[in-house]
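Student: Can you read through this structure? Questions will come right after.
The values are calculated or read from the model by the stated rules, or taken from the named source; none is laboratory data. From a predicted model like this one, the values you see are computed outputs, not experimental measurements. Ideal geometry is used to build each Cβ from the backbone, glycine not excepted, and the neighbour counts take in all protein chains shown. Please note that ligands, DNA and RNA were not included when accessible areas were found on the heavy atoms of the full protein model with its side chains. Shrake-Rupley method; radii C 1.70, N 1.55, O 1.52, S 1.80 Å.
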Amino acid sequence: MFPPGIEGIQLQDYTCGGYFLARLRKPGIDRPPSPRLPPHYFSASRCLSDFFPDAWVWNYAGPVDDDGNLVEDISDLPERTKGAARFGITPEQVPAVIRWGQIRCGRDFGVPRGFEHLHQARRATEWIGLAPEEVVFFGVGLHWMLTAKFVGDSEPDADFIVPHCVRQGRPLSPDGVALGYELLNYQYGDLGCSWICSGCEDKVADRPGCALNAHGYLNTFEAALECTRAVERGEIGAEPGPWYPWLMVRYG
């Protein structure tokens with residue numbers, strides 16, 4: 001289903017920014033946000049992809065007893081049920097998923113979505129009712145040259161998965177497939193908008209090495225860094241920064 005990954009990228013050169021579990025877009029149903037993107041494109045931005053878990057899982061749902069059981073009706077249940085349905089989770093399963101989210105947030109996963117360890121993401125699929133080909137595990141990595149800058153731009157907060165993982169300083173798990181680089185801004189403790197949100201990929205498509213590859217990302221770190229700097233200098237209109245080029249790595 002996916003084109004081959006990029007050879008020659010050394011994953012040990014990239015600090016892990018977390019692992020994620022996302023729903024793949026369905027060709028012919030979910031329209032890609034840009035004609036330059038492939039049908040099964042996925043993004044680390046919640047603007048462009050659906051994630052599990054997300055805020056509907058861990059947002060305060062009501063008081064719990066000493067055993068962690070909700071003692072009142074779940075708040076905002078219709079919205080939570082809608083979020084669950086995107087991942088094939090039935091209304092009957094929603095209370096158990098919400099209980100897990102209320103108790104295990106900060107331990108099994110971090111906010112606003114994502115995992116510190118790959119095995120945690122794989123275990124979370126026990127809740128999901130979609131076919132395996134409809135979901136994707138992936139990690140994001142920040143080149144070691146940029147980690148000190150990111151630490152300076154972010155606040156130390158163990159609850160927010162991306163700054164927490166970067167501060168741990170661990171490299172990405174070595175058993176993944178490198179797909180290319182996505183430019184994302186950092187805001188409120190999270191990876192915010194992708195440069196795709198502002199159509200930046202159209203503005204650089206004619207620059208050498210800056211066309212999107214078969215996965216919808218930039219092929220080289222050098223090109224991604226050049227585009228990132230152009231965005232931050234205001235040469236390419238986009239949301240406020242800081243911006244970083246994140247290596248997207250798919251895992252089986």
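Student: Between residues in the range 241-252 that are open to solvent by 10 Å² or more (accessible area, probe 1.4 Å) and residues that are modelled with pLDDT of 95 or more and β-branched (Val, Ile, Thr), which pairs lie under 7 Å by C-beta distance while being six or more apart or on different chains?
Tutor: Cβ pairs passing all conditions: Arg250/Val136; Arg250/Val177.
Student: What's the number of the condition Tyr41 fails, among (1) more than 23 Å from Glu134 (Cβ to Cβ); (2) in contact with a Lys or Arg (Cβ under 9 Å, 6 or more places away or on another chain); (3) of a type in the set (Ser, Thr, Tyr)?
Tutor: Unmet condition: (1).
Student: Please list, ordered by residue number, the helices (runs of 4 or more DSSP H) wholly in the range 41-151 having 1 or more residues that are surrounded by fewer than 19 Cβ atoms within 10 Å (Cβ to Cβ) and free of Cβ contacts under 8 Å to residues at least 12 places away in the same chain. Let's see the steps before the verdict.
Tutor: On the way: elements: 55-58, 77-85, 94-104, 118-124.
Hits in the range 41-151: 77-85, 94-104, 118-124.
Student: In the range 165-188, which residues are without any contact (Cβ under 8 Å) to a residue 60 or more places away in the chain and either outside any strand (DSSP E or B) or of a type in the set (Gly, Ala, Ser) (or both)?
Tutor: Initially, the range 165-188 is screened for residues without any contact (Cβ under 8 Å) to a residue 60 or more places away in the chain, giving 167, 185-188.
Correct list: Arg167, Tyr188.
Student: With the condition kept exactly as written, say whether any residue in the range 15-32 is in a loop (DSSP other than H, G, I, E, B) and in contact with a Gly (Cβ under 9 Å, 6 or more places away or on another chain).
Tutor: Our first condition is that a residue be in a loop (DSSP other than H, G, I, E, B); within the range 15-32, this holds for 24-32.
Narrowing further to those that are in contact with a Gly (Cβ under 9 Å, 6 or more places away or on another chain): 32.
Yes: one or more hits.
Student: Can you name the condition, by its number, that Gln168 falls short on among (1) surrounded by 14 or more Cβ atoms within 10 Å (Cβ to Cβ); (2) over 21 Å from Ala224 (Cβ atoms)?
Tutor: (1)
Student: Any idea which residue in the range 178-207 is farthest from the chain's Cα centre (by Cα), counting only those that are open to solvent by 50 Å² or more (accessible area, probe 1.4 Å) and not acidic (Asp, Glu)? Let's see the steps before the verdict.
Tutor: Initially, the range 178-207 is screened for residues open to solvent by 50 Å² or more (accessible area, probe 1.4 Å), giving 187-188, 197, 202-203, 206-207.
Narrowing the set further to residues that are not acidic (Asp, Glu) leaves 187-188, 197, 203, 207.
Numbers: Gln187: 14, Tyr188: 15, Cys197: 14, Lys203: 24, Arg207: 27 Å.
Filtering first and then ranking leaves Arg207.
Student: Ok, one more. Of the residues Asp50, Asp66, only one is more than 25 Å from Gly192 (Cβ to Cβ) and out of contact with any Leu (no Cβ under 8 Å at 6 or more places or on another chain); which? Step through it out loud before you land on a result.
Tutor: Numbers: Asp50 fails: more than 25 Å from Gly192 (Cβ to Cβ).
On inspection, the qualifying residue turns out to be Asp66.
Student: Continuing with this model, one more query. List every residue pair whose Cβ atoms lie under 7 Å apart, where the two residues are 6 or more positions apart in sequence or sit on different chains, the first residue falls within the range 193-221 and is without any contact (Cβ under 8 Å) to a residue 24 or more places away in the chain, and the second residue, located anywhere, is buried (at least 18 other Cβ atoms within 10 Å of the Cβ).
Tutor: Gly209/Asn219; Gly209/Ala223; Cys210/Val204; Cys210/Leu218; Cys210/Ala223; Cys210/Cys227
Student: Continuing with this model, one more query. If we keep just the residues of the range 208-240 that are of a type in the set (S, T, N, Q) and surrounded by fewer than 19 Cβ atoms within 10 Å (Cβ to Cβ), which is farthest from Ala22 (Cα to Cα)? Give the derivation first.
Tutor: Going residue by residue through the range 208-240, those that are of a type in the set (S, T, N, Q) are 213, 219-220, 228.
Right, trim to surrounded by fewer than 19 Cβ atoms within 10 Å (Cβ to Cβ) and you get 213, 220.
Working: Asn213: 20, Thr220: 24 Å.
This residue is Thr220.
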